[in-house]
Amino acid sequence: MACLRTVSYTVIINGQPAPPFVAKKGLRQGDPMSPFLSVIAMEYLSRLLRGDTRFISCLHEKFRLFSEASGLVANTNKSAVYFGGVTARVQQQILDILGYSKGMLPFRYLGVPLSSRRVCSPGIAGGLNITSIAHWNKAAACKLLWDLARKKDKLWMQQFSIKAIYQSIKGPVNKVPWYKIVYRNKGAEKWIFTLKMAAHGRLLTRDRLRKWGIDTSPVCPICLLEDETIEQLFFRCNVTGHLWNKLLAWQGVLRQSLDWQGELAWAIEHCKGRSRGAALYKMTLAATIYYVWHRAEEIIIRRIIQEIYYRATMYPKIATYITQFDNYPS
Ligand SMILES: [Zn+2]
């Protein structure tokens, strides 16, 4: 660890950097640390564990030794023991030996904000499906300790994977109510992406742009009558509302267009199954959102239907189904 002692720190006091001082212990809690360093240190812990049978109390003792050797001291207030498949009686015995409190899954790690949970949710939960590095780290660390411990003790050990721990830390997945509309949609990727952003309420409609301080006209550029919001654009706007009415009628859906929350709720309620009608409806909704949003000059029903026809060639049942809609709108 000698190489770690060459580091020096300085502290900003009243806006001025104080004289630098040399680090004595190399690493402090919260410092970014190479996983390799962690592995080197853990190897020492692993060697200490070898050859013991009275596992828990020995483990505690080895932690103390490890702590003295490495300078890494566990904060008992922040430490907890996590159990899996252990009886309450044995749990209490272990807690008595260690003096730590009992942890419950899922837990927060280094104050990871709740918003990262959403980012890291699977697609069906409305997230972007990016693995949380902090959560994954924690899971990997759990797995490392687990592997070390497993060598010696059978009492509270069970095989499990980093992935399982990761999912456990992350907590249960709550599917967004509209996941079938977005994720079981046979539409083109670009349509679905726009539909997903709309379902998340993340499209940068003019009301949101203005809230962000961007200088832009608030007025809907399609009808030039009302201020543009997501509810207005889909489909309270009399132009897009009229367009959607025609596309609803084209599919044989006999109702008038609603606002966005109403449309989403209607789709969730009526497109639960795998019927051809539901598939067609979801595709058409995605295409309409896309073309209205992109305000292509060709926001015309003919273009939308043309693309739907094209995509339907890949799904013969839908293709046959579509042919019955002969009221091709003009
Ligand atoms: Zn409008």
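Which of the residues belonging to the range 247-287 are open to solvent by 10 Å² or more (accessible area, probe 1.4 Å), within 16 Å of the ligand (Cβ to nearest atom) and of a type outside the set (S, T, N, Q)?
If the condition is that a residue be open to solvent by 10 Å² or more (accessible area, probe 1.4 Å), within 16 Å of the ligand (Cβ to nearest atom) and of a type outside the set (S, T, N, Q), then Leu258, Asp259 are the ones that fit.
Take the conditions in the same structural domain as Ile318 (by TED's automatic domain parsing) and either within 10 Å of the ligand (Cβ to nearest atom) or without any contact (Cβ under 8 Å) to a residue 60 or more places away in the chain (or both) and apply them to Gly241. Does it pass? Before you say what the answer is, go through the steps one by one.
Numbers: in the same structural domain as Ile318 (by TED's automatic domain parsing): yes; either within 10 Å of the ligand (Cβ to nearest atom) or without any contact (Cβ under 8 Å) to a residue 60 or more places away in the chain (or both): yes.
For Gly241, the condition - in the same structural domain as Ile318 (by TED's automatic domain parsing) and either within 10 Å of the ligand (Cβ to nearest atom) or without any contact (Cβ under 8 Å) to a residue 60 or more places away in the chain (or both) - is met.
Quick one: Val176 ticks every box in (1) modelled with pLDDT of 85 or more; (2) farther than 24 Å from Tyr309 by Cβ; (3) within 16 Å of the ligand (Cβ to nearest atom) except a single one, so which number is it?
Result: Val176 passes all but (3).
For the range 181-234, which residues satisfy the criterion of being within 15 Å of the ligand (Cβ to nearest atom) and either part of a helix (DSSP H, G or I) or in contact with a His (Cβ under 9 Å, 6 or more places away or on another chain) (or both)?
Arg206, Asp207, Ile230, Glu231, Gln232, Leu233, Phe234
The values are calculated or read from the model by the stated rules, or taken from the named source; none is laboratory data. Everything numeric here is computed off the predicted structure, so don't read it as measured data. Glycine also receives a Cβ, built like all others from the backbone with ideal geometry; neighbour counts cover every protein chain displayed. In case anyone asks, the SASA skips ligands and DNA or RNA and just uses the protein heavy atoms, side chains included. Shrake-Rupley method; radii C 1.70, N 1.55, O 1.52, S 1.80 Å.
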